[in-house]
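Structure, as structure tokens:
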Amino acid sequence: MRVATCLIFFLTFIWTLSSCTTGFSIASSGAQALYNRNSLQKKLSDHYITMQANHKIYIETDRYKDSHVAVSTFNNEVLLTGEITQAAKRKEIERKVQQIDGVQKVYNLTVVSPPSSPLIQVSDTWITAKIKAKLLATNEVDPDIIKVVTENGIVYLMGILPPEQANSAVQIARTTDGVQSVVRVFYYLRVSKT
């Protein structure tokens with residue numbers, strides 16, 4: 001970890017020297033490198049949690065093979081969506097995911113019903129792709145701080161962002177073909193003046 005930090009700092013330093021930037025740029029580049037490293041660590045942590053959850057649901061046991069559960073993690077918070085055949089299994093899965101190291105909160109938005117058809121799952125993937133493309137194309141929202149999940153036409157938006165960006169993201173999702181409704185799972189950043 002320390003070697004990686006030194007390497008990032010060294011590369012940032014060389015890059016700033018080669019571009020003949022001012023002292024302010026050097027400081028901001030170093031801060032950006034630190035931010036990117038923290039962002040990468042969070043993404044890796046989220047990925048690890050998602051992998052562990054999928055392992056507990058689908059690999060460790062075949063008890064849930066008749067269910068369709070999608071696991072999405074953002075900032076160590078887990079969103080469970082999909083269909084589970086029994087209420088007891090729904091609670092079991094939530095408990096298993098909550099016990100994973102690093103998980104801060106679980107939003108269990110699964111429903112008790114038979115799994116959705118493969119056609120619906122493909123449609124959901126397409127809706128997610130369209131929303132992500134729209135987020136990338138706009139200047140109103142930073143797409144790196146929003147996670148988009150679609151289940152049965154319901155779009156779940158996760159992230160930590162200012163309220164105006166959240167509202168723009170919701171509007172983009174709502175106006176995308178095939179979207180039935182939008183659920184916000186946001187934390188809001190607010191700047192206060194003192």
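Here are some notes:
Residue by residue, here is whether (1) surrounded by 19 or more Cβ atoms within 10 Å (Cβ to Cβ); (2) without any contact (Cβ under 8 Å) to a residue 24 or more places away in the chain; (3) over 18 Å from the mean Cα position of the chain (by Cα) holds:
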{"position": "Thr85", "(1), (2), (3)": "no, no, yes"}
{"position": "Gln99", "(1), (2), (3)": "no, yes, yes"}
{"position": "Val103", "(1), (2), (3)": "no, no, no"}
{"position": "Val112", "(1), (2), (3)": "no, no, yes"}
{"position": "Asp124", "(1), (2), (3)": "yes, no, no"}
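- Glu140 passes every criterion in (1) in contact with a strand residue (DSSP E or B) (Cβ under 8 Å, 6 or more places away or on another chain); (2) loosely packed, with under 15 Cβ neighbours inside 10 Å; (3) touching a residue at least 24 places away in the same chain (Cβ under 8 Å) apart from (1).
- Some residue of segment 168-184 being surrounded by fewer than 21 Cβ atoms within 10 Å (Cβ to Cβ), under 16 Å from the mean Cα position of the chain (by Cα), of a type in the set (A, V, I, L, M, F, W, C) and at pLDDT below 90: no
- Residue count for segment 145-170, restricted to those that are within 18 Å of Thr125 (Cα to Cα) and in a helix (DSSP H, G or I): 2
- Picking from residues in segment 46-83 that are of a type in the set (Phe, Trp, Tyr) and buried (at least 19 other Cβ atoms within 10 Å of the Cβ), the one that is farthest from Val148 (Cα to Cα) is Tyr64.
The values are calculated or read from the model by the stated rules, or taken from the named source; none is laboratory data. Here the structure is a predicted model, which means the values were calculated and not measured. Positions of Cβ are backbone-derived with ideal geometry, glycine not excepted, and every protein chain shown enters the neighbour counts.
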